[in-house]
Amino acid sequence: MTLVRDLAFGRSGDKGDTANVGLLAKDEAAWQRLRRGLTPELVRAHLGGIVRGEIEIFEMPRIQALNVVLHNALGGGASRTLRFDQTGKAFATILLGIELPGGTAVGDEGADGPGEAPSIPRGGAESER
């Protein structure tokens, strides 16, 4: 089992009703595993109904990082919500707990192999690929 926290450091924040999570890979192998394994669908499944809008993941290959943008995720934004984490600071910690499919360690892609890496930027769950 590989968790996102095994591969990356995370930090999150907000702008209005959108939460933004930066995931910075720990090394090249972690970057490759992270960019192949973390999808908007997997993020949505992990978050349940917390995020009501689109989930987009953008690759930043020069710094080996992913920018995960969670739209309509903060109950209207910091000044309008009664949520405990009204500015989305906990989203990085939550995403670091996602279990990536396939493989048991960094660089182990499981039975399906590494597959083809997605192009940049990757679309959200509702966009076409």
| request: Determine how large the accessible area of Asp17 is when every protein chain is in place; take a 1.4 Å probe and give Å² rounded to the nearest 10. | output: 40 Å²
| note | Taking a label point 7 Å from the Cα of Ala78 along Cα-to-Cβ, the residues of the stretch 12-38 whose backbone nitrogen sits under 19 Å from it are 12-22
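The values are calculated or read from the model by the stated rules, or taken from the named source; none is laboratory data. Note that the structure is predicted; figures quoted are calculated from it, not measured. Note that each Cβ is placed from the backbone with ideal geometry, even for glycine, and that neighbours are counted across all protein chains shown. In case anyone asks, the SASA skips ligands and DNA or RNA and just uses the protein heavy atoms, side chains included. Shrake-Rupley method; radii C 1.70, N 1.55, O 1.52, S 1.80 Å.
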